[in-house]
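First comes the structure, then the notes that go with it.
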Amino acid sequence: MYWERFENNRDYQIRNKAIKLLEMLKIDTSSAIDISKVIKLMKEDITWKIVDLDGLPGFTCYNRKKNKYKIFLDEETSERCLERIIFTMAHELGHIVLGHFNAGKYDDSTCITNRRLEEEANIFADELLMPTSHIINKNMTPEQICKTYLVSESAARNKIKYIQRNTIYRETKQITSLISRYIDSYEASYRRKLNAYNERVLNDYLEKWLDPEYVFW
């Protein structure tokens, strides 16, 4: 069986950062992730403010001297679509956790035009708000994901639609397959040994039954 390794896969590294963050902060992943609680519990100095951004969902400013971050969120978007604001907060948090500001020496996330960095922040937000392991364990549908994690319908559908690309999903399936193969092999070996044992016992009693000198108690 081909064994896929994930340690050097960027998708896997990003998703693990989100997973480890939730574990470190002791956030319950069986229900909607409170993104504001996540940010408040982090060691980084991160605050946010709702202002009029004229339709722009949000962005982050980084004060390099004070090592502080401030996320600005659009007032109209927050009133019209709370799920969008939550995803935006998780996306901006992804830029911070993944070190995009320091790596590119950006002072605000509107300057991050690198498509790869934007995709990385999206992957982080996806894993943070919709933990893959719990979704797999519960075999959740998009409707259940949407209801449980309070994300948009499109986000929930995309989670399932692109699950085959998700390295946490692939790793889980790989481990499950390995365990299943081991159990099948063990059961087959156990059945062979049991059949051999039963055959020996049966033959032993058959010989004793045919021996007129043997006394059965």
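Count the net charge of all other residues whose Cβ sits under 11 Å from the Cβ of residue 158, scoring Lys and Arg as +1 and Asp and Glu as -1. The partial results should precede the final answer.
On the way: positive: 157, 159, 161, 165; negative: 126, 153.
Net local charge, residue 158 excluded: +2.
Any lysines with Cα under 18 Å of the residue 65 Cα? List them, leaving off those in the same chain fewer than 8 positions away.
Cross-link targets: 43, 105.
If you take every residue apart from residue 168 with its C-beta less than 11 Å away from the C-beta of residue 168, what net charge results, scoring Lys and Arg +1 and Asp and Glu -1? Don't jump to the answer; show the numbers that get you there.
Details: positive: 15, 165, 170, 173; negative: 11, 126, 127, 171.
Here the charged neighbours net out to 0.
Over 10 Å intervals from 0, what percent of Cα-Cα pairs in region 1-131 sits in each interval?
P(r) over region 1-131, rounded to whole percents: 12, 43, 35, 8, 2, 0.
Loop only per DSSP, at most 13 neighbouring Cβ atoms within 10 Å: give me the trypsin sites (Lys or Arg not before Pro) in region 46-133, ordered by residue number.
Working: sites: 49, 64, 65, 66, 68, 70, 80, 84, 105, 115, 116; in loops: 64, 65, 66, 105.
The qualifying sites are 64, 65, 66, 105.
Quick one: plug the Kirkwood hydrodynamic radius of region 65-180 (C-alpha pairs) into Stokes-Einstein at 4 °C, 1.567 mPa s, and report D in µm²/s.
On the way: Rh = 15.7 Å.
For the chosen part, D equals 82 µm²/s.
No value in this document is a laboratory result; all are computed from the given coordinates. The shown structure was predicted, so the numbers you read here are calculated from the model rather than taken from an experiment. Note: ideal-geometry Cβ built from the backbone for every residue, glycine included; neighbour counts use all protein chains shown.
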